[in-house]
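Since every read-out is calculated from the coordinates, none of them should be taken as a lab result. Note that the structure is a prediction, hence the values are computed from the model and not measured. Methodologically, a virtual Cβ is constructed for each residue, glycine included, from the backbone with ideal geometry; neighbour enumeration extends over all protein chains shown.
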Amino acid sequence: MYPFNYRAPASLDAAQAAHGAADNAAFLSGGMTLLPALKLRLAMPSDLIDLCGIAELRGISSDGGVLEIGATTCHSEVAAAPLVRRLIPALAGLAGSIADRHVRHRGTIGGSVANNDPAADYPSAVLGLGATVVTSRRRMAADDYFTGLYQTALEQGEFITRIAFPVPQVASYAKFRSLASRFPVAGVFVARTGKQVRVAVTGAGSNGVFRVATFEAALSADFRPEALAGLRIDPQSMLSDQSGTAEYRANLIEVLARRAVSRPGTIQSFK
């Protein structure tokens, strides 16, 4: 690990000022990705700006059919929150299925979405629910926020403050986990609001989290597993590694999507 300056600002303005005064600063939330990168000397920030002490970035609330979760709210809090369990139970279930209890009590929703790991669970919920990512500078629709593997529309010095989730009529999440890493080999989040259905996939795409337009169109017309019969995913756009080939992941997405639709309002995790 290279030496760095540790900063713990108590306000959003102080965090921005600390970043502006540093040569090469990095924001720290849960640290589930950044800290291992520091230990392996894969990252070398001059300053580490810890956002977890800023009260404005924590907490869960709802207003006008929108559920808002502060960026430094950890996974275990999202999983246990009565408000999340009542309004979007699939989101609470997703949070409770992430990694292991140690990660869930330290990792944060903002850190996960900011890092945009191609195998992370939260990006599928953000994209599947059509959430809005609120940052220190602006508001971004989920469709505009995710731009590729480990890539987002965040700019230098910009950090997530909260995520606003529209409350759907029903939502479900189904994933198949790697026994070794506990990351999803593929995960499918399905959400229905009125006549619109969104289907987002994580863990499988070569360009990160993505939506499946053909599944969405079929389910918008007929929200039943049978509506997906005959629809296929192109393996050419899938990841292929020791956890599964591109063809395997393509088939897995089809299976998981049907399971998610068959049990709306739930989270299903398979090993």
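A count restricted to segment 32-75 and to residues that are of a type in the set (Asp, Glu) and farther than 24 Å from ALA21 by Cβ stands at 2. If you go through segment 1-24 and keep only what is of a type outside the set (D, E, K, R), over 12 Å from ILE54 (Cβ atoms) and free of Cβ contacts under 8 Å to residues at least 40 places away in the same chain, you end up with PRO3, ALA17, ALA21, ALA22, ASN24. Going by the structure shown, is GLY93 surrounded by fewer than 24 Cβ atoms within 10 Å (Cβ to Cβ) and touching a helix residue (DSSP H, G or I) at 6+ places or on another chain (Cβ under 9 Å)? The answer is yes for GLY93.
The residues in segment 155-187 that are in contact with a strand residue (DSSP E or B) (Cβ under 9 Å, 6 or more places away or on another chain), closer than 15 Å to ILE98 by Cβ and either outside any strand (DSSP E or B) or of a type in the set (Asp, Glu) (or both) can be counted, and the count is 2. Of the residues making up segment 85-103, those that are under 12 Å from the mean Cα position of the chain (by Cα) and not β-branched (Val, Ile, Thr) are LEU91, LEU94, ALA95. The residues of segment 12-36 that are outside any helix (DSSP H, G or I) and either closer than 16 Å to ILE160 by Cβ or touching a His at 6+ places or on another chain (Cβ under 9 Å) (or both), listed by number, are ALA25, ALA26, PHE27, LEU28, SER29, GLY30, GLY31, MET32, THR33.
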